[in-house]
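Everything below concerns the one structure shown next.
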Amino acid sequence: MTGRLDGKIAVITGAASGIGAGTARLFAAEGARVIVADMQVDAGRALVAELGDSARFAEVNVLDEAQIAAAVDLAVSEFGQLDIMFNNAGIVGAVGRISEMSVEAWDNTISILLRGVFLGVKHAARVMLPQNSGVIINTASTAGVLGGLGPHAYTAAKHGVIGLTKSVANELAPNAIRVNAIAAGFIATDMSSPERLEQVVPTVPMRRAGTSEEIAAAALFLLSEDSAYTTGAILRIAGGR
């Protein structure tokens, strides 16, 4: 590894598994200290044990503003600052035909996928503004730029994440805080069933699913000095889809 994140402090939501775990491992390997923020307590603590002194666990349900605020505050109290906020936690959420979807399922999906990102951005900005530095990355999706790739609530929320990313990037740019999003395509994680892989992979021009490590590498680029003039960008990592 190159030590590209030496001395940097990161909070990653949804960090106990999938994209979040892959990102936490890469960030730590590159020299960052990481707050593993997740509601999966056992998996989160196991990852922290794997990463050692460079990581701490925070139990976080992104529906709970106090828990997100506490994870940010833990980064500051344990490691002295906050340089990176990766708002990654998510679910597939409500599925089905629009005429049959319940309001409760819709609201829960929008809250986790969009409100949760808003809260992460809000509390990262609270700490980053006084220091006039920081990078915020939001996990979006190719369903946030196209219709028909995901369920309705998921698609609406991811469009919202992209809009929020662009809007906040404009506000925070004068304070040297960069805000970007990764529009991930189909990424093979523990939640990916063989049936879903078989269904989706033929629709991807590169004819394979992406990996958590490839999303982590994209995040690393957005954090590095190589992207120092990049904010408000939506980086599509989707095999050409």
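Observations, loosely collected:
- 222 nm mean residue ellipticity, helices alone, for the chain (DSSP H n ≥ 4; -39,500 (n - 2.57); rounded to 500): -13500 deg cm²/dmol
- Local charge for G210 was computed over the other residues whose Cβ lies under 13 Å away, with Lys and Arg +1 and Asp and Glu -1, and equals +2.
- Each distinct pair of alpha carbons in region 101-241 adds a 1/r term; the inverse of their mean, the Kirkwood radius, is 15.9 Å.
- Carbon plus sulfur fraction of accessible area for the chain, probe 1.4 Å, in percent: 54 percent
- Net charge dipole size for the chain [Lys, Arg +1 and Asp, Glu -1 on Cβ; Debye, nearest 20]: 640 debye
- Chain lengthening between Y229 and A176 when straightened (0.36 nm per residue, less Cα-Cα): 18.1 nm
- With each label modelled as a point 7 angstrom along the Cα→C-beta vector, the R97-R208 pair spans 3.9 nm.
- Measuring r between the beta carbons of R45 and A188 and using R0 = 35 Å, the FRET efficiency lands at 0.90.
- For region 74-137, the alpha carbon convex hull comes to 90 Å³ per residue, rounded to a whole number.
- Note on the chain: dipole from Cβ charges, positive end direction compared against G20, A218, A125; the farthest Cα belongs to A218.
- Within straight-line reach of K158, meaning a Cα separation under 16 Å, sit the following aspartates and glutamates at least 8 residues removed in sequence or on another chain: D107.
- Label-point gap, in nm, between L63 and L129 - each point 7 angstrom along Cα→Cβ: 2.8 nm
- The largest-to-smallest principal axis extents of the Cα set in region 46-110 are 50, 24, 17 Å.
- Spin-label model, D53 to S111: label points 7 Å out along the Cα-to-beta-carbon direction sit 4.1 nm apart.
- Residues in region 19-60 that a label on S77 would reach, taking backbone N under 13 Å of a point 7 Å out along Cα→Cβ: 57-59
- Computed over region 1-129, the ratio Rg/Rh where both radii use C-alpha atoms and Rh is Kirkwood: 1.03
- Test item: Cα-centred dipole of region 27-105, Lys/Arg +1 and Asp/Glu -1 on Cβ, debye: 140 debye
- Here the chain was treated as a single set of alpha-carbon atoms; its pair distances binned every 10 Å from 0 give 8, 34, 39, 17, 3, 0 percent.
- Between D107, D73, D38, the Gaussian network model of the chain with springs among Cα atoms under 10 angstrom shows the greatest mean-square fluctuation at D107.
- Local net charge near R236, Cβ-Cβ under 13 Å (Lys/Arg +1, Asp/Glu -1): +1
- Radius, Kirkwood style, for region 60-177 when every pair of distinct Cα atoms is counted (Å): 15.0 Å
The values are calculated or read from the model by the stated rules, or taken from the named source; none is laboratory data. What you are looking at is a predicted structure, and each value in this text was computed from that prediction instead of being measured. All Cβ positions, even for glycine, are placed from backbone atoms using ideal geometry, and neighbour counts span all protein chains on display. Protein only, heavy atoms only, side chains kept; ligands, DNA and RNA dropped before computing areas. Shrake-Rupley method; radii C 1.70, N 1.55, O 1.52, S 1.80 Å.
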